[in-house]
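First the structure, in the form of structure tokens, and then the observations on it.
Taken together, the values in this text are just the output of simple stated rules run on the coordinates, not laboratory data. Small disclaimer: the values here were computed from a predicted structure and weren't measured. Glycine gets a Cβ as well: all are built from the backbone with ideal geometry, and neighbour counts include every protein chain shown.
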Amino acid sequence: MISSTSVPRSRRRRARRPLRAAVATVATAGLAVTGIVMFSTTATAQADTLGAAAEQSGRYFGTATEAGYWGDSQYTSILDSEFSSLVAENGMKWDATEPNPGEFNFDGGDQLVERAQANGQAVRGHTLVWHAQQPGWTAGLYGDDLRNAMINHITETAGHFAGQISSWDVVNEAFEEDGSRRQSNLQIEMGDTWIEEAFVAADAADPDAKLCYNDYNLDGINAKSDGVYAMVEDFLARGVPIDCVGIQSHLSTESDLSTYQANLQRFSDLGVDVHITELDVGGSGTAQADVYRTVTEACVAVERCAGITTWGFTDAYSWRGDETPLPWDANYQKKEAYTAILDALNAAAGSNTGQGSEPATAAYEQTARRESPLVAQLA
Ligand code: G3I
């Protein structure tokens, strides 16, 4: 029996980083021409980078990157100046960080953290557990051997980066389109409890990072997002530590976004932050810009939407390069999409709606932790 007193007390609201771009507020008292009419206006500076524009409403704007791209100075000048958060495209995944059992290599992640810190950027962690990009050796593990390997991986990796990560994608892509659990080796070998066990282990290893579940095709109210919603609701009710849901948002100009904002809002109302974690939009021109604008406007309209990350920023380096999905083209020219994002972020400046930093663990701290041998082991 685990009592609520064993819940770590360190999962508290984390202080937001100070705004890098000060919002210039100019209150102008107008001349009272008639001696009666007075007016004042509040003008907000239009930030000229995505990161600074997002910070005006208390959010971040980030991108995925990798040290392998950093030899290109055109690339790094944009990376270092436009974004307020970085995430490793591949360098923090299980295959990269633990190529052999118990042998860890954090070089890629360490390089990313170092660059981010040098530029005053936050770091998202991606991803502790995923059915893809596992090291080859996990394929030979069954039952508790896989469970122990997963827990050890989370403990060592989240522990290594503890204090440096704003939010971790603890578990990635564990649901099918119909809202059921993906039948991965993780699900088959460990059963339904593996996701909560992963979150408990991540919480123990890095109590200060926000802990997210991350997936694709959560771009509206649909069977898959219903399944994730039910899981989060259940976790909150039972005191499993979860703080946020990552909405990957690999989109195209054909995507149906009619319930995109409503979906963000229902997770926010449930009591978790939402993060747009891997945004890219196949297409071009105004149609592509409109999708970026819709997503950005949705995020800034939802209080607990903490920020947006694009999955890369230039079509020169994109997993979907032939779909030209990013805000900069392959020659580093800003597209219409860039302006659409920037304008939507600037339009939200000063609205102060970005309150997405309260850990859902307020509920967690008030609830007895799940009674499981794993929790006992970690307590
Ligand atoms: O590291 C090896 C290298 O040693 C080898 O020479 C080369 C030969 O192809 O492959 C390299 O690995 C590649 C790896 O990226 C690193 O570049 C893999 O083949 C390639 O499959 C892998 O692709 C990544 C993909 O995840 C893997 O599923 C993409 O770069 C990355 O953008 C993508 O990111 C995922 C998110 O993590 C989760 N959501 C979906 C998103 C897009 O698929």
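Numbers below:
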{"read-out": "Residue list for region 90-117, restricted to those being free of Cβ contacts under 8 Å to residues at least 24 places away in the same chain and more than 14 Å from the ligand (Cβ to nearest atom)", "value": "Glu103, Asp110, Glu114"}
{"read-out": "Qualifying residues in region 166-181 (those that are assigned to a loop (DSSP other than H, G, I, E, B) and either away from the ligand (no atom under 16 Å from the Cβ) or small (Gly, Ala, Ser) (or both)) - the one farthest from Asp107 (Cα to Cα)", "value": "Asp178"}
{"read-out": "Sole exception among (1) under 21 Å from Arg59 (Cβ atoms); (2) within 16 Å of the ligand (Cβ to nearest atom); (3) surrounded by fewer than 19 Cβ atoms within 10 Å (Cβ to Cβ) for Arg320, by number", "value": "(1)"}
{"read-out": "Of residues in region 47-78 being buried (at least 22 other Cβ atoms within 10 Å of the Cβ) and within 16 Å of the ligand (Cβ to nearest atom), the one farthest from Gln248 (Cα to Cα)", "value": "Thr65"}
{"read-out": "Residue ID - surrounded by the most Cβ atoms within 10 Å (Cβ to Cβ), chosen from residues in region 294-309 that are assigned to a strand (DSSP E or B) and of a type in the set (Val, Ile, Thr)", "value": "Ile308"}
{"read-out": "Ser180, sole failed condition from (1) touching a Leu at 6+ places or on another chain (Cβ under 9 Å); (2) more than 20 Å from Gln134 (Cα to Cα); (3) surrounded by fewer than 23 Cβ atoms within 10 Å (Cβ to Cβ)", "value": "(1)"}
{"read-out": "From Val281, Val291, Val274, residue being over 30 Å from Asp72 (Cα atoms) and either of a type in the set (A, V, I, L, M) or not in a helix (DSSP H, G or I) (or both)", "value": "Val274"}
{"read-out": "Residue ID - farthest from Glu98 (Cα to Cα), chosen from residues in region 120-164 that are of a type in the set (Gly, Ala, Ser) and touching a residue at least 60 places away in the same chain (Cβ under 8 Å)", "value": "Gly120"}
{"read-out": "Output for region 79-89, where each listed residue is buried (at least 16 other Cβ atoms within 10 Å of the Cβ) and more than 11 Å from the ligand (Cβ to nearest atom)", "value": "Leu79, Asp80, Glu82, Phe83, Ser84, Ser85, Leu86"}
